[in-house]
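The values are calculated or read from the model by the stated rules, or taken from the named source; none is laboratory data. The shown structure was predicted, so the numbers you read here are calculated from the model rather than taken from an experiment. For the accessible areas, the whole protein counts, side chains as well, though only heavy atoms, and no ligand, DNA or RNA atoms are used. Shrake-Rupley method; radii C 1.70, N 1.55, O 1.52, S 1.80 Å.
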Amino acid sequence: MLRLKTWGQACLTIVLLILGILLALQFRTQRLLASSLEAQKTEDLVAMWKNSNAKRSQLIQEINELEEQLQSLTTSWGESDKAQAALEKEVTRLKTALGLMPVKGPGITVTFTGDSPLLDTDLIDLVNELWVSGAEAIAINDHRVTPATFIVDKEEGPTIYHTVNGHKLLYPIVIKAIGDPDTLEKGLTFTGGILDNLNTLYNIRPTVKKHQEIKIPAAPPVNLKYGRPAKEEPS
């Protein structure tokens, strides 16, 4: 029983740490978004604001749900083997949601060749559209997209290239998304949608393919220098 209690306390610590990471990642994402606003067009700012606001609401809802589940687990972890199994399942789910575990499942791939005059905002819009269409996990050239991911263009002499979390993207650029393949495809290809606009305005024609199973790797672990889990003070 002592061993079970020690193990349960360790799992609760992990859950608290992951919750703290989620909060820190949300804050970091908002800071990165704010730092890039000056270079954006008005219509891009409106679209980015809507996407960011929707993602923020989703994260807040997720945090509230996690806090409720954590409270439930805290009161029941030592009662039986079922509580131990629930802790294991919850830790796995949290790590998966944060992109800290590899995943596989049905989905689509979107491939851009080297003649595509893409901008970093195009990639950001595409990723946001996939989230809105129900994607559960996304990767760009096998770089897992998480709440902390930043996509920016950088200059190398006369050449401009894209980066994900500071890593240079080489063509072909392949975006993988796990979710319902039909829904994800329709979310990108409907008339007036993002791919239709890229095609009409810039002659960018990526290849979209549906797959029964694709694999997306885990994101590197996040090392927080300043952030740590904080307990709410009683009001």
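Please compute the length gained on full extension between R228 and K209, using 0.36 nm multiplied by the number of residues separating them and subtracting their Cα-Cα distance.
Value of the extension gain: 2.7 nm.
By accessible area of protein heavy atoms, probe 1.4 Å, what ranking do Y161, Y171, Y226 get, highest first?
Working: Y161 45, Y171 85, Y226 180 Å².
Descending order: Y226, Y171, Y161.
Rounded to the nearest percent, how much of the accessible area of segment 175-235 (1.4 Å probe, protein heavy atoms only) is carbon and sulfur?
Details: 2230 of 4550 Å².
Roughly 49 percent of what the probe reaches on segment 175-235 is carbon or sulfur.
Per residue, how much accessible surface does segment 92-231 expose to a 1.4 Å probe? Answer in Å², no decimals. Present the calculation step by step, with values, prior to reporting the outcome.
Numbers: 7770 Å² over 140 residues.
Accessible area per residue, segment 92-231: 56 Å².
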